[in-house]
Amino acid sequence: MSVVTTNTGQDTGQSGKRTVLLLQGLMGPLFRRLGQELLAAGHTVHKINFNGGDRVFWRLPNGLEYRGSLEDWPQWLAAVIRDKGVTDVTLFGDCRDHHMDATRVCRELGVPVHVFEEGYVRPDWVTLELGGVNGHSSLPRDPVWYRETAAALPPVPPHAQVPSSFRRRAAEGLLYNVADVLMRWYYPHWTNHRPWHPLVEGMGWLRKLSRRKEREAAGAALVHRLVHTDAPYFLFPLQLDSDAQIRLHSPFVGIADALKLVLGSFAAHAPAGTRLVVKEHPLDNGVRDWQQETADMARRFGVEERIDYLAWGDIVPVTRRAQGVVTINSTSGTLALAEGVPVVALGHAVYDIPEITCQAGLDAFWTDPVAPDAPTFAAFRRVLVERCLIPGGFFSDEALDKVVRHAVARFEGRPIAPE
């Protein structure tokens, strides 16, 4: 590739148009829809495909196939950025191996990186943050800064809820993984950031979905009991074992380690009349049987009669009634905080801020769960919307339309408009 002057990441022409390079997106049409919206707005778009799933969902011009090794990737990417005059790089999740290298390369070249992720605040919001998300976020941990910054901002523009389809998400994931497996011959060096082969994940999903009716019925019964009882309980929502939030932004090697710590602390320090509800992540692939592992650990700690496992069900009503929520760094933490429910975070979370989350540690949390300061959390949320969030979602046409429209507005430096 020819070498041109390194781009500073800022448009220097008269038109204000950008040259955007898309790396890996979510499994599904998110980046194709974003590319279409950027092209319609007059920007130039290139997309790098790393596997068959990326390629199947792109289907637009200017697709670049990366078939090389992870070791050769940084040099190859730097050449593409220079050769194409890239002004902005966009990716989904900044902890994948190729994306971590890409972030470093872009920093060296002065090219801004825009990172998509599931929303810090849910539902109906998506994270789009400059530089990095979660543990890589540049957001401070000072409650005073949030209150002062939010005071200078206008109110959040109203926005409507967007539909989301679990069936659609599962179908898009299946299509992506099938295309990945069938085209591994064409991308010989591709290694998935997830720890399981797609076929192993597929078998896990089949086992999980085969028990769906049974799990839904049990979940509905448990939710009804929790919502209509005065018995105190705490909630521990599990996260995905493969999530970079666990591997890179927490002290745990995996969910089993976190589960062991939480159950052990609960057994040793929680009041005798208190229960603990362990909530399975809705997108867990079923490769590991977390319900059985929870039961086995609870038995070892002598608290099996005080542990409930919620395999399926709406987390919102369960959260509202909880004495407190224990989380590693899940966005369920912000859901609880918005409801005024005490939260303790065990990993690096953007919302783990004095006056918002409990700072005394897990052992003390069971007997003294301190509720968040409502004005401080409101200020934190307002700053998040201003800097890191856009309205919409990923799993319906209406949600995607909203996301890509607001994403382009962010690229162009325009504020979120009222719906």
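Only the Cβ atoms of Lys and Arg (+1) and of Asp and Glu (-1) were treated as charged; on that basis the dipole of the chain about its Cα centre amounts to roughly 800 debye. Between the amide H of TYR233 and those of ARG275, GLN323, distances stay under 5 Å, these residues lying 5 or more places away or on another chain, with hydrogens modeled in the peptide plane. Largest GNM mean-square fluctuation among VAL325, VAL56, VAL86, using the chain with Cα springs under 10 Å: VAL56. Only Cα sites of the chain enter the Debye sum here, all with the same form factor; the resulting log10 I(q)/I(0) across q = 0.09 1/Å is -0.59, listed in q order.
Note on the chain: dipole from Cβ charges, positive end direction compared against TYR309, CYS358, ILE328; the farthest Cα belongs to TYR309.
Taking the chain as a Gaussian network of alpha-carbon nodes connected by springs under 10 Å, the highest mean-square fluctuation of the residues THR127, THR149, THR319 belongs to THR149. The charge dipole of segment 214-379, taken about its Cα centre with unit charges on the Cβ atoms of Lys, Arg (+1), Asp and Glu (-1) only, comes to about 160 debye. In the chain, taking the dipole from charged Cβ atoms about the Cα centre, the farthest positive-side position among PHE377, VAL223, GLY52 is held by GLY52. Given the C-alpha centroids of segment 380-402 and segment 273-306, what is the distance between them in whole angstrom? Answer, in whole Å: 32. Projecting the Cα atoms of VAL162, ASN177, ALA151 onto the charge dipole of segment 146-186, computed from C-beta unit charges around the Cα centre, puts ASN177 farthest toward the positive end.
When you restrict to C-alpha pairs under 8 Å that are six or more residues apart and normalise by the size of the chain, the relative contact order lands at 20 percent. Using only Cα atoms, locate the centre of segment 27-84 and the centre of segment 147-217, then give the distance between them in Å, rounded to an integer. Cα centres, segment 27-84 to segment 147-217: 20 Å.
Angle of helix 97-109 to the longest C-alpha principal axis of the chain, folded into 0 to 90 degrees and rounded to 10: 50°. So what's the angle, to the nearest 10 degrees on a 0 to 90 scale, between helix 255-269 and the longest Cα principal axis of the chain? With rounding to tens, the tilt is 30 degrees. The calculated 222 nm mean residue ellipticity attributable to helices in the chain amounts to -12500 deg cm²/dmol, summing -39500 (n - 2.57) over DSSP H runs of n ≥ 4 and dividing by all residues.
A crude spin-label estimate for the pair LEU261 and SER69, with each label 7 Å from Cα along the Cβ direction, gives 3.6 nm. In the chain, the longest principal axis of the Cα atoms and the axis of helix 374-387 are about 20 degrees apart.
Given a Förster radius of 41 Å and the C-beta distance between ASP363 and ASP397 as r, what FRET efficiency does 1/(1 + (r/R0)^6) yield to the nearest 0.05?
Efficiency for this residue pair is about 0.30.
Any read-out appearing in this document is the output of simple, stated calculations on the displayed coordinates, not a laboratory observation. No experiment lies behind these values; they were computed from the predicted model shown. Virtual Cβ from ideal backbone geometry, glycine too; neighbours counted across all protein chains shown.
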